[in-house]
Amino acid sequence: MARILIGVTGSVAAIKTTELVEALGGKGYELRMVLTKAADYFVPEWNPVTPSDRVGVFRDSDEWPDKGWKRGDDVVHIKLRHWADAMVIAPLDAHTLAKWANGMADNLLTSLIRAWDYQKPLIVAPSMNTLMWESPITRRHLAQILSDRQNHYPPTGSIPSIDHLLAAYKNFHEPIRLVPPIIKTLACGDTGAGAMAEIAAIVQAVTALVMPNLAMD
Ligand SMILES: Cc1cc2nc3c(=O)[nH]c(=O)nc-3n(C[C@H](O)[C@H](O)[C@H](O)COP(=O)(O)O)c2cc1C
């Protein structure tokens, strides 16, 4: 069965990580997780009787353990890249999106993204406050990522609309997909677009790329 890496960033939607792990685990995928430091604040403690039992959890402390890396020791972000058949980043917060778009790699997850093999599926589910989601900064970052993948530099024209970007991710020639956030009353009390997609929609997007025959069932 396919091996899926789950990247989790510091959006409040990270409280749904157990649900995501159980849904993907229930499909039979082999799972590993990478948490940012901020994600660790939100992700609930593991319930040892769920499928999440089987999930290896990786943090920055696994990438940079005690002083003294020597030849032959793991380079964890590359090892995880080799291990994975696909990666899903859910939730993807504004900060990690910004780092991704700008090529920054200052933690385990962004190092993984920076070193990702884009022939393998990469599914992202953004989650942020409505004004963050609708900000031109977010659209600029989403456009930059696609533009880089197409070797277009600098990106031309004005910043695309969010509808244009969502369509572009849906039809992109490489297996990189964005599961659009949904409209609802957010944890902060604001109502609008920006809440992480439903877990079922994320699982569906993963399966559609990783096991297309299964997704049609
Ligand atoms: C209670 C709380 C909720 C947050 N929710 C979000 C969110 O939904 N989306 C987002 O982009 N940032 C959110 N943030 C801000 C991020 O946690 C912050 O930008 C952090 O630096 C992200 O780091 P990371 O991308 O390395 O995980 C939240 C912060 C707090 C304290």
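The values are calculated or read from the model by the stated rules, or taken from the named source; none is laboratory data. The shown structure was predicted, so the numbers you read here are calculated from the model rather than taken from an experiment. When we count neighbours, we look across all protein chains shown, and the Cβ atoms used for this are built from the backbone with ideal geometry, even at glycine.
Selection within the range 172-200: residues that are in contact with a Ser or Thr (Cβ under 6 Å, 6 or more places away or on another chain) and among the hydrophobic types (A, V, I, L, M, F, W, C). The member of this set that is nearest to L97 (Cα to Cα) is M196.
Among the residues of the range 121-162, those that are within 25 Å of G189 (Cβ to Cβ) and out of contact with any helix residue (DSSP H, G or I) (no Cβ under 9 Å at 6 or more places or on another chain) comprise T130, L131, P136. The criterion of at least 1 residues that are under 19 Å from the mean Cα position of the chain (by Cα) and within 14 Å of the ligand (Cβ to nearest atom) is met, among helices (runs of 4 or more DSSP H) falling completely within the range 124-197, by 130-133, 136-149.
Of all the numbered requirements in (1) surrounded by 21 or more Cβ atoms within 10 Å (Cβ to Cβ); (2) modelled with pLDDT under 95, I123 misses one, and that requirement is (2).
Here's the yes/no breakdown for (1) surrounded by 20 or more Cβ atoms within 10 Å (Cβ to Cβ); (2) away from the ligand (no atom under 15 Å from the Cβ); (3) of a type in the set (F, W, Y):
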| site | (1), (2), (3) |
| --- | --- |
| I6 | yes, no, no |
| Y29 | yes, yes, yes |
| A39 | yes, no, no |
| E45 | no, yes, no |
| D62 | no, yes, no |
| K70 | no, yes, no |
| D74 | no, yes, no |
| W83 | no, yes, yes |
| A94 | yes, no, no |
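Hey, can you tell me all the residues within the range 1-19 that are farther than 10 Å from P91 by Cα and not in a strand (DSSP E or B)? Matches in the range 1-19: M1, A2, T18, E19. Among the residues of the range 205-217, just one is touching a Ser or Thr at 6+ places or on another chain (Cβ under 6 Å) and either touching a residue at least 60 places away in the same chain (Cβ under 8 Å) or within 16 Å of the ligand (Cβ to nearest atom) (or both), namely L214. Filtering the range 168-205 to residues that are among the small types (G, A, S) and touching a Phe, Trp or Tyr at 6+ places or on another chain (Cβ under 6 Å) leaves A193, G194. Restricting attention to the range 96-112 and to residues that are assigned to a helix (DSSP H, G or I) and within 11 Å of the ligand (Cβ to nearest atom), the residue that is surrounded by the most Cβ atoms within 10 Å (Cβ to Cβ) turns out to be L109. Just wondering, is there one or more residues in the range 184-204 that are farther than 19 Å from A14 by Cβ, out of contact with any helix residue (DSSP H, G or I) (no Cβ under 7 Å at 6 or more places or on another chain) and without any contact (Cβ under 8 Å) to a residue 60 or more places away in the chain? No, the conditions are met nowhere in the range 184-204.
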